[in-house]
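Peer 1: Below are the structure tokens for one structure; questions will follow.
The values are calculated or read from the model by the stated rules, or taken from the named source; none is laboratory data. Please read these numbers as outputs of a predicted model, since none were measured by experiment. Virtual Cβ from ideal backbone geometry, glycine too; neighbours counted across all protein chains shown. Note: accessible area is taken over every heavy atom of the protein model, side chains too, but ligands, DNA and RNA are not part of it. Shrake-Rupley method; radii C 1.70, N 1.55, O 1.52, S 1.80 Å.
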Amino acid sequence: MEKHTEQELIRRESLKKIQEIGINPYPADEYNINTSSVEIKKNFSTNSTQKVCIAGRIMGRRIMGKASFIEIKDFKGRIQVYVNRDEICKTEDKTMYNEVFKKLLDIGDIIGVEGEVFKTKVGEISVKANNIKLLSKSIRPLPVVKIDSEGISHDDFKNTELRYRQRSIDLIVNDDSWSVFEKRAQIFNSIRSQLNKQGYMEVETPILQPIAGGAAAKPFITHHNTLDIPLYLRIANELYLKRLIVGGKEGVYEFAKDFRNEGMDKTHNPEFTMLEFYVAYKDYNWMMEFVEKLIEETVQSVCKTTEVVYGDNKINFKGPYKKQPFFNAIKQETGDDISQLSLEDLKNYCKSKNIEINSSMGRGKLFDAVFGEFCEKKLIQPTYITNYPTDMSPLTKQHRNEDGLTERFELFVNGKEIANAYSEQNNPIEQRDSFIEQMKLGKGGDDEAMVIDNEFLRALEYGMPPTVLIIFAIFLFPYLHLIQLMTSVFLISI
């Protein structure tokens, strides 16, 4: 049997008394609000009477005799409401004020208020209530933030773990939490608008897939009962989007929910959102220029500046961005050229540098481990790391001038990769060979190695034009105070 705290028991008793009085604490009928707290303050005038109908959650109370003040929070902000007993109780029956309002309503209850706007003697724009209606009774108390005489806050809901697991409370109590959601929406809208203006089409591809392809990651596995087959939650939507390019579309993009059965930390969540964007007849050099403009306009649109301060770093998103080849970046930090090392020599090199590795790792993952150890955290300003080795890029076009390298770049900001792009491999024979090499890694114990997708290869054999793609790791944008993925906000309860 569920146990209730003393406060929860008191609220349930209040709920019962409200019902006994004849008030429905959870009415179903529409409540016609006609304004908001922000609009009331914006449109206030001493020369005219503004009649309003608003609704919101009680966040503070100052109960006095025949008159009281409450603060309510609606979907845009907060406003003070003045409640006079004789105004909300026009007859001799004062139950609504003396019993319901003063004794049975609590902080957290949602109410509707009809009244007139006025300014108090201390200059605060408020609503003088003519009528109050209970719209939802809260039977679980909210954390109440209190500030003492020294200005120190107490009982504020700031614990990160609790905020992620009880996001509803966080959004109620901490007004600034909503800004994350708002900026996320603004960034999506800005990117979508820019891509649509170029004539590129937003599409939707399958989440349940017969093969987990398009990236090197461990998938979640489920089972389709009717077909009696295993299916995978997609780790990427890449192979499906490329089929649309084969089908004849110039440019396609998707804000895709993806799933990877991997660890969790500040920048990784098993469920996350990526933007994948493909354009035919372009290459990775074109994409670098396009991305600079895309990001610069998005940051300017959301932040009203191209400079964003995060921690001790001021990041400038105005292009052009620095470009540095992959192996040059490693040599700059270590003094070593590791590009020609064999698999065994590369393993020994990692061990000599105290880099954690395992026996299943091929050259690609070892290169990546070295780069992550020495280079990644130092890339604060937007920087393109270019020309990745073939071992790290199984879906990528070989570099037109450099053997063993590919036409690929990753964009790093504030020490994190936020985008991955490359000229697509459109040679079906070379693509099959790459898949075969990945299969060998899988047999060697690499559970993130790719598998052969014969349906994708079949589509590729009909001919895919030269194509460039970019993948935005949108789940990393919280590092820039610009965006936060919903599923990072609503962390899984485990």
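Peer 1: Name all residues of segment 191-205 having a backbone nitrogen under 15 Å from the label point set 7 Å from the Cα of LYS257 along its Cα→Cβ direction, giving them as ranges.
Peer 2: Zone members listed by number: 204-205.
Peer 1: What do you reckon, how do HIS399, HIS268, HIS224 stack up by accessible area (1.4 Å probe), largest on top?
Peer 2: Details: HIS399 30, HIS268 85, HIS224 60 Å².
Final ranking, largest accessible area leading: HIS268, HIS224, HIS399.
Peer 1: Please compute one quarter of the surface area of the Cα convex hull for segment 197-268 and express it in square nanometres. Let's see the in-between values first.
Peer 2: Values: hull surface 26.1 nm².
That works out to 6.5 nm².
Peer 1: What is the spin-label model distance, in nm, from ILE21 to ASN285 if the labels are put 7 Å beyond Cα along the C-beta direction?
Peer 2: 7.6
Peer 1: While we're on this one: Relative to the longest principal axis of the chain, what angle (0 to 90°, nearest 10) does the C-alpha long axis of helix 343-352 take?
Peer 2: Between helix and principal axis, roughly 50 degrees.
Peer 1: Can I ask one more? Give me the compactness ratio for segment 1-55, meaning the Cα radius of gyration over 2.2 N^0.38 Å.
Peer 2: Details: Rg = 18.3 Å, N = 55, 2.2 N^0.38 = 10.1 Å.
Segment 1-55 yields a ratio of 1.82.
Peer 1: Here's something else I'd like to know. Taking a cut-off of 16 Å between Cα atoms, list the aspartates and glutamates near LYS331, but don't count ones fewer than 8 places away on the same chain.
Peer 2: Partners found: ASP368, GLU373, GLU376.
Peer 1: Something else: Near LYS16, which lysines are there with a Cα under 30 Å away, not counting those fewer than 8 places off in the same chain?
Peer 2: LYS3, LYS66, LYS73, LYS90, LYS94, LYS102, LYS103, LYS128, LYS133, LYS137, LYS146
Peer 1: What is the log10 of I(q)/I(0) for segment 167-312, computed with the Debye formula using one identical point scatterer on each Cα and no solvent, at q = 0.13, 0.16 Å⁻¹?
Peer 2: Those come out to -0.79, -1.09, one per q.
Peer 1: Give me the mean projected area, in nm² to one decimal, of the convex hull enclosing the Cα positions of segment 284-325. Kindly include the intermediate steps, with their values, before the conclusion.
Peer 2: Values: hull surface 13.9 nm².
It is 3.5 nm².
Peer 1: Could you do me a favour and compute the accessible area per residue for segment 20-155, 1.4 Å probe, result in Å²? Intermediate results must be reported in sequence, preceding the final value.
Peer 2: On the way: 7620 Å² over 136 residues.
Dividing the accessible area of segment 20-155 by its residue count gives 56 Å².
Peer 1: If I fit a long axis through the Cα atoms of helix 6-21 and take the longest principal axis of the Cα atoms of the chain, what angle between them do I get, 0 to 90°, rounded to 10?
Peer 2: Once rounded, one gets 60 degrees.
Peer 1: Here is a further query. Taking square-rooted eigenvalues a ≥ b ≥ c of the alpha carbon gyration tensor, is the chain rounded, prolate or oblate, where a/c under 1.5 means rounded and, failing that, a/b exceeding b/c means prolate?
Peer 2: Numbers: a/c = 2.42, a/b = 2.30, b/c = 1.05.
Since a/c reaches 1.5 and a/b is larger than b/c, the shape of the chain is classed as prolate.
Peer 1: Moving on. Taking the Cα-to-Cβ direction at GLN198 and at ASN159 and moving 7 Å from each Cα, how far apart do the two end points lie in nm?
Peer 2: About 4.6 nm separates the two model spin labels.
Peer 1: Here's something else I'd like to know. Show that you can apply the helix-only estimate: for the chain, add -39,500 (n - 2.57) for every DSSP H stretch of four or more residues, divide by all residues, and state [θ] at 222 nm to the nearest 500.
Peer 2: So the helix-based figure for the chain works out to -9000 deg cm²/dmol.
Peer 1: Calculate how steeply helix 178-197 sits against the longest principal axis of the alpha-carbon atoms of the chain, using the helix alpha-carbon long axis, and give the answer as 0 to 90 degrees to the nearest 10.
Peer 2: Helix 178-197 and the main axis of the chain meet at about 50 degrees.
Peer 1: Ignoring ligands, DNA and RNA, what percent of the accessible area of the chain is carbon or sulfur (1.4 Å)? List each step's numbers first, then the result.
Peer 2: Numbers: 12450 of 25430 Å².
With neighbouring chains kept in place, the figure for the chain is 49 percent.
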